[in-house]
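In what follows, a structure is listed as structure tokens, so that the remarks can point back to it.
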Amino acid sequence: MKIKWFGHSCFMITSKQGTKILMDPYINMLGYKLPEIEAEIVATSHEHKDHNNIDAVKGNFVHINGLGIFSEHGIDIRGVDTFHDKFSGDKKGRNTIYNFKVDDINVCHCGDLGHILDTKQVEEIGKVDVLLVPVGGGYTIDATDAVEVVKQLKPTVIIPMHYRTKALGPMGLAFAKVDKFIEASGIKAQTYKDLELNKENIENYKGIAVLNYK
């Protein structure tokens, strides 16, 4: 599979069969800008406009925006109920974590997770090989809580998201930089343009994989 980051919490996974899964497309308000994009599956973690802009996506896609177990285009998907804050959703609402099984690798996208997981949520999410986790704080968990979520889910590869970058401009001041998470984790980090993973090579990428926004 290939994993590409479009900034914020938006990623594209392309399976070895060519199936494209897009996660949390945003409106062009953040400093990031989505290119023209097509996908077979679009998943949105919650209804905030910086995560649910499905109108930006071309093609005849399936929209996944709920809880439970789904199977689309040969991709198994599990949606698990969580919250956008530490107050059971009273401040910012609910959030769905998705675990996608692609090419026999489990990729977990945390959306705008706002809290450390409980035991039931960890069990529902299941096995995680690649974790896409917010680390910037402000609107989501911060670096310290993100480290705890990593410990809970035990992924091989950790890809941070939802943190301050130069592309964000003044809006970026609401988020911490990715360096804070790397330092708090004590895990080695490497930077990549994108990732191409399979069952044979995933151990070579063990640790934190910081993806460049282009």
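The values are calculated or read from the model by the stated rules, or taken from the named source; none is laboratory data. The shown structure was predicted, so the numbers you read here are calculated from the model rather than taken from an experiment. Cβ atoms come from the backbone with ideal geometry, glycine included; neighbour counts cover every protein chain shown.
From the list Asp194, Asp145, pick out the single residue that is more than 24 Å from Val80 (Cβ to Cβ) and either in contact (Cβ under 8 Å) with a residue 24 or more places away in the chain or not basic (Lys, Arg) (or both). Spell out how you get there, then give the answer.
Details: Asp145 fails: more than 24 Å from Val80 (Cβ to Cβ).
Going through Asp194, Asp145 in turn, the sole match is Asp194.
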task = For region 73-88, name all the residues that are at pLDDT 95 or above and of a type in the set (Asp, Glu).
result = Asp76, Asp81
ask   = Considering only region 187-208, how many residues are surrounded by 14 or more Cβ atoms within 10 Å (Cβ to Cβ) and either among the hydroxyl-bearing types (Ser, Thr, Tyr) or over 16 Å from Lys154 (Cβ atoms) (or both)?
value = 6
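Out of region 2-16, which residues are part of a loop (DSSP other than H, G, I, E, B) and either touching a residue at least 60 places away in the same chain (Cβ under 8 Å) or among the acidic types (Asp, Glu) (or both)?
Going through region 2-16, the residues part of a loop (DSSP other than H, G, I, E, B) turn out to be 6-10, 15-16.
If the condition is that a residue be part of a loop (DSSP other than H, G, I, E, B) and either touching a residue at least 60 places away in the same chain (Cβ under 8 Å) or among the acidic types (Asp, Glu) (or both), then Phe6, Gly7, His8, Ser9, Ser15, Lys16 are the ones that fit.
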ask   = Can you spot a residue in region 21-32 that is within 22 Å of Thr165 (Cα to Cα), modelled with pLDDT of 95 or more and not in a loop (DSSP other than H, G, I, E, B)?
value = yes
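When you scan region 162-172, do you find a residue that is touching a residue at least 40 places away in the same chain (Cβ under 8 Å) and in contact with a Lys or Arg (Cβ under 7 Å, 6 or more places away or on another chain), even just one?
The initial filter retains those residues of region 162-172 that are touching a residue at least 40 places away in the same chain (Cβ under 8 Å), namely 162, 165, 167-169, 171-172.
Adding the requirement that they be in contact with a Lys or Arg (Cβ under 7 Å, 6 or more places away or on another chain) leaves 172.
Scanning region 162-172, I find at least one residue that is touching a residue at least 40 places away in the same chain (Cβ under 8 Å) and in contact with a Lys or Arg (Cβ under 7 Å, 6 or more places away or on another chain), so the answer is yes.
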note = Of (1) surrounded by fewer than 19 Cβ atoms within 10 Å (Cβ to Cβ); (2) hydroxyl-bearing (Ser, Thr, Tyr); (3) within 24 Å of Thr82 (Cα to Cα), Thr44 fails just (1)
request  = For Pro155, indicate whether it is over 21 Å from Arg94 (Cα atoms) and over 16 Å from the mean Cα position of the chain (by Cα).
outcome  = no
